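Taking it in order: structure first as structure tokens, then the write-up.
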Amino acid sequence: MTENKIDLLGLTEKELEEFFLSIGEPKYRAKQLFTQMQKGLAPDEITNFSAATKQRIAEAAYCHFPTVAKKLVSALDGTVKYLFRLSDGNCVESVVMRYEHGVTICISTQVGCRMGCRFCASTIDGKVRDLAPSELLGQIIAASKDLGERIGGIVMMGIGEPLDNYDNVIRFLRLVGEENGVNIGYRHISLSTCGLVDKIYELAKEDFPITLSISLHAADDATRGEIMPINKRYPIGELLDACRDYFAVTKRRISFEYTLIAGKNDSPETAKRLADLLNGKLRSRTETMPIHVNLIPVNEVKERDFTHSDKKAVARFADILEKHGIRATVRRKLGADINASCGQLRRAEAGETADI
Ligand code: SAH
């Protein structure tokens with residue numbers, strides 16, 4: 001039973017002190033529990049807590065870590081994909097990627113998603129629920145414990161829309177920044193959004209020096225509206241205004257994700273249009289906002305009828321952006337042999353799609 005009980009992993013160290021005082025325990029226990037929880041230990045596993053202390057904790061609170069329901073390791077590049085089971089039985093995916101500069105984890109922010117992007121597997125059956133701050137953090141702790149490795153970076157690019165779970169994501173960012181926390185710097189954290197404009201303005205004010213990543217995927221409203229329903233609520237112009245504000249406030253560079261779909265958004269004319277759009281909306285003679293576009297050939301999802309652009313089209317697209325002063329990189333595909341992109345493993349587990 002977790003009803004009305006306190007979720008310990010979702011508390012800051014200070015809040016944990018108050019918790020211990022409230023159950024008649026000394027507040028110095030907070031540091032010990034907080035530090036051990038970051039390593040994946042629950043209160044009843046902490047050896048120098050007495051049975052009576054453990055009992056008092058258990059009566060008032062709980063601490064759950066996601067458990068590994070499935071784990072796939074890429075033979076090609078060591079990418080590890082987890083299907084984590086949460087305490088209520090729902091599953092989410094996290095992916096651990098190895099880069100030259102360190103180990104980064106891609107975490108999920110919701111069970112499912114309600115944004116409805118047409119190329120995305122995570123949204124096919126809508127949103128089931130938001131993840132709690134402890135479940136966001138728990139993915140990092142559980143993966144790090146399982147691998148026996150330190151994780152140095154986080155991307156919120158798994159299942160779900162982080163800005164549609166705003167309050168929990170903000171609390172999670174606070175927890176990550178705690179002095180005795182998981183010890184991952186904000187500069188090594190990025191948040192990817194399909195473009196919830198009102199929340200981008202709010203996020204800018206929070207003062208976390210994280211990188212904002214915008215899933216743009218089109219250079220005009222008609223095309224974007226067709227593949228991303230959110231564009232009807234927040235069209236491109238408004239989205240880029242919010243990006244401009246985010247940069248003005250935080251001075252953090254923004255990166256744009258652009259999924260290339262054959263015959264839909266990958267022509268040379270579109271590349272030129274994208275460059276003009278970004279230069280026109282985000283740069284002026286006095287401002288030189290660094291803009292980076294990440295090109296991703298669409299990952300073909302069985303339920304969707306999109307085909308990825310061929311190598312030549314991708315290179316040509318990147319080239320045109322570069323010629324117009326926009327840094328463009330083609331996303332290196334990691335974990336190709338384990339289908340590391342998110343959304344499909346959870347669906348397979350739920351029996352919704354036969355093969356992955
Ligand atoms: N909801 C957030 C984060 C999760 S999606 C967002 O929209 O940004 C992470 C990234 O994967 C987004 O850029 C998303 O557009 C992209 N994506 C989703 N499905 C994809 C697919 N089939 N192929 C390539 N990229 C995809």
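The values are calculated or read from the model by the stated rules, or taken from the named source; none is laboratory data. Small disclaimer: the values here were computed from a predicted structure and weren't measured. With ideal geometry, Cβ positions are generated from the backbone for all residues, glycine too; neighbour counts draw on all protein chains shown. Keep in mind that these areas ignore ligands, DNA and RNA; they rest on the heavy atoms of the full protein, side chains included. Shrake-Rupley method; radii C 1.70, N 1.55, O 1.52, S 1.80 Å.
Helix 13-22 against the longest principal axis of the chain: what's the angle in degrees, Cα atoms only, rounded to the nearest 10? Roughly 30 degrees, rounded to the nearest 10.
Extension gain for THR307 to VAL73 (0.36 nm times residue separation, less C-alpha to C-alpha distance): 81.7 nm. Taking Cα atoms only, the orientation of helix 311-323 departs from the longest principal axis of the chain by about 80 degrees. Calculated on the alpha-carbon coordinates, the convex hull of the range 140-247 measures out at 108 cubic angstrom per residue. What the range 1-128 shows is 47 Å² of accessible area per residue, with the surface traced by a 1.4 Å probe over protein heavy atoms.
Axis of helix 166-176 versus longest Cα principal axis of the chain: the two differ by about 60°, to the nearest ten degrees. So which trypsin sites (Lys or Arg not before Pro) in the range 206-273 end up in coil per DSSP with only 11 or fewer other C-beta atoms within 10 Å? Taking the range 206-273 and a limit of 11 other Cβ atoms within 10 Å, the loop trypsin sites (Lys or Arg not before Pro) found are LYS251.
From the largest down, the range 232-321 spans 42, 29, 20 angstrom on the principal axes of its Cα atoms. Taking a Cβ cut-off of under 12 Å around LYS14, the surrounding Lys, Arg, Asp and Glu residues balance to a net charge of -3, with basic ones at +1 and acidic ones at -1.
Label positions at LYS232 and ASP44, each projected 7 Å from the Cα along the C-beta direction, are separated by 4.9 nm.
Pairs of alpha carbons in the chain separated by more than 26 Å make up 52% of all such pairs. Label-to-label distance, ARG150 versus THR35, with points set 7 angstrom from Cα along the beta-carbon direction: 1.6 nm. Using all pairs of distinct alpha-carbon atoms, the Kirkwood hydrodynamic radius of the range 1-154 works out to 16.9 angstrom. In whole percent, and with a 1.4 Å probe on the protein chains, what portion of the accessible area of the chain is carbon and sulfur? In the chain, the share of accessible area belonging to carbon and sulfur is 49 percent.
Of the beta bridges in the chain, as assigned by DSSP with both residues counted there, near 45 percent are antiparallel.
For LYS71, a cut-off of 17 angstrom between C-alpha atoms picks up these lysines, skipping any fewer than 8 places away in its own chain: LYS81, LYS145.
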